[in-house]
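Q: Pasting a structure here, questions to come.
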Amino acid sequence: MGRPRIFYILGSLEANDTGEEIITILGRLARSQFEPRVVALGGRADLQGRIAELKVRAYPLGLSGLLGTLRAVPKVRALLKKVDAEVVHGFGSWGGVVARLAAPRNVAVVRTVTRAPPHQNDLRGRILRFLERRARSRVGTRFIVPNEGSRGLAVNSYGAADGHVTVLPTSVDVGGVRDAVKRNSRGHSRVLLGIEPDETAVVLLTNFASAARMDQILQGFHTARTEQPKLRLFIVGSGRNESSTRWKAEELRLGDSVIFLGRGTDSGPIWAAADVAIDATPQSSWCRAALVAIAAGVPTAKRHDGASEWPDELGEEFPMISGHPERFAMELVQMAAGHGLMEQVAAYGQKVAREVDVGSVAQKLGSLYDSLA
C-alpha cells in the first residue's frame, strides 16, 4: 500500500501567513508516511518556487474574479476524481469551503479555521457565504483551530460536530528563526534600522483590518512618547487600510518615530533589533508573525481592544496590552521600562515557543491524518 496522499487546498500561493504555514508544515511532514500535494485556486504564485524545492507537486489553477470563485468547486472536484486522495485539507475561507464541497464522499476532509466566515457584502462575499451554507451539509469534516477558545468558532460558525474539533497551534520553525536571528548581530541590526542605542524599538504586527483599530494604537503611541520620547514603532504587515494608517501617523506628526516595514516576518534583522513586539491583529489567537517574534526571543504581548470576546482559556498569565489609547500608552511605557514585566512576558514566550515548534505540530498533524486515511 502506498503513502496516503494529502491534498492541501489554498486560495493562492501568495506569501502570506497561510502560505508560510504550509511551507513550514511541508518541510517537516514525514515523507516516508505521506505524499503531500498542493492545489492553489488563485493566480498568485509567490511560493511556487519554494514548494518545488521541497519536491512537492503543485496544481496552480489560476482562477480569479467572480467566475473563478464559482468555478473553483467543480474544477477541484474534477481534479480530485483523477487522483487517489486520502485526505483533503483546506485553509482559509475560499480554500476551506472548496475543500469541503469538492472532496469525494470517500475522502476525509480537514479544515483549518482561525476566524469567522467572510462578512463582506460585495458579490464575492455573498457567494462565499452561500458556499459556506452548502458546506454545512458535508458531515464528518474535521476542524483544526489554533487554541481552546476557538472551539466555539468551529462549532457555531462552521457547523463542526462535537468531537470533530482538534486544537493545533499555528506552527513555526523555532530553530530556523533563532538561527536567522543569530546571523544578525543586535548592534548591526539596530544601525541598519536607524535605532539609537538609548531608543526602545517596539515592533507592531498588524493586518491593517478595520477591527485592528490602528488609529487608536497610533493615538496611544503618540501619548506614550510624551512620557517616553525614546520609543520607536516599527509596523510589520500589510492590508487594505494601510494608507489610512499612514495618514493618521502624519496627522499626529509622529515623523520617523513610526516606520512602516511592510511584510517581513521572517527577517532576522527585525527581531535581532527589537526590544518588544505587540500583536495587534484582531483575532484572539497569536498571529504567525507574533509566533515568529516569540520564537526569536522577543518579549511579545497581545493587544486586546476590550470589545470582543476573549477566551477564558488563555489565563491570567497571557501577556496582554490594552487597545484603549490611554491605557495602551501607560502599559507600553511600563513594558518598555519595567524589566521585571519584560522578563515575565519573555518567560511566557518560551512556553509558547515549545508548543508551536513545527516538529511537535507536524507530528500531531500526521497522527490526525493517519487516523483518517
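Q: With only alpha-carbon pairs counted, each pair once and no self-pairs, how large is the Kirkwood hydrodynamic radius of the stretch 174-356 in angstroms?
A: 16.3 Å
Q: If you don't mind, there's one more thing I want to ask. Can you tell me which of GLY268, GLY49, GLY92 moves the most in a GNM of the chain? Springs connect C-alpha atoms under 10 Å apart.
A: With Cα springs under 10 Å in the chain, the top fluctuation among GLY268, GLY49, GLY92 is at GLY49.
Q: Residue by residue, what Karplus-based ³J(HN,Hα) values in Hz, rounded to whole numbers, does the stretch 96-104 have, using 6.51, -1.76 and 1.60 with θ = phi - 60° and x for Gly and Pro?
A: Couplings: x, 6, 5, 4, 5, 8, 8, 5, x Hz.
Q: Considering Cα pairs under 8 angstrom that are at least six residues apart, work out the relative contact order of the chain and quote it in whole percent.
A: 15 percent
Q: In addition: So if I place +1 on the C-beta of Lys and Arg and -1 on the C-beta of Asp and Glu, and nothing else carries charge, what would the dipole magnitude of the chain be about its Cα centre? I want it in debye, nearest 20.
A: For the chain, the charge dipole is close to 2060 debye.
Q: I'd like the FRET efficiency for SER360 and ARG178, computed as 1/(1 + (r/R0)^6) with the beta carbon distance as r and R0 of 22 Å, rounded to 0.05.
A: About 0.90, to the nearest 0.05.
Q: Quick one: pull the percentage of alpha-carbon pairs in the chain with a separation above 27 Å.
A: Across the chain, Cα pairs with separations above 27 Å total 49 percent.
Q: In addition: If each residue's Cβ is checked for other Cβ atoms within 10 Å, how do LYS351, LYS82, LYS302 rank with the fewest at the top?
A: LYS82, LYS351, LYS302
Q: Using only alpha carbon pairs under 8 Å that are at least six residues apart, calculate the relative contact order of the stretch 174-356 and give it in whole percent.
A: 27 percent
Q: Which of HIS119, HIS188, HIS324, HIS89 has the fewest other C-beta atoms within 10 Å, and how do the rest follow up to the most?
A: Sorted ascending by nearby Cβ count, the order is HIS119, HIS188, HIS324, HIS89.
Q: Still on this structure, I have one more. Only counting other Cβ atoms within 10 Å, I'd like LEU368, LEU123 sorted with the fewest neighbours first. It would help to have the intermediate numbers written out before the result.
A: Values: LEU368 17, LEU123 10.
Taking fewest neighbouring Cβ atoms as first place, the list is LEU123, LEU368.
Q: Report, ordered by chain and residue number, the aspartates and glutamates lying within cross-link reach of LYS55, taken as a straight Cα distance under 20 Å and ignoring same-chain residues fewer than 8 apart.
A: GLU14, GLU20, GLU21, GLU35, ASP46, ASP84, GLU86, ASP173
Q: While we're looking at this one, here's another question. Full-extension gain between GLU53 and ALA373, please, as 0.36 nm times their residue separation minus the C-alpha to C-alpha distance.
A: Stretched out fully, the GLU53 to ALA373 stretch lengthens by 112.6 nm.
Readers should treat all values here as calculations from the given coordinates under stated rules, not as data from a laboratory. What you see is a predicted model, and the numbers here were worked out from it, not measured in a lab. With ideal geometry, Cβ positions are generated from the backbone for all residues, glycine too; neighbour counts draw on all protein chains shown.
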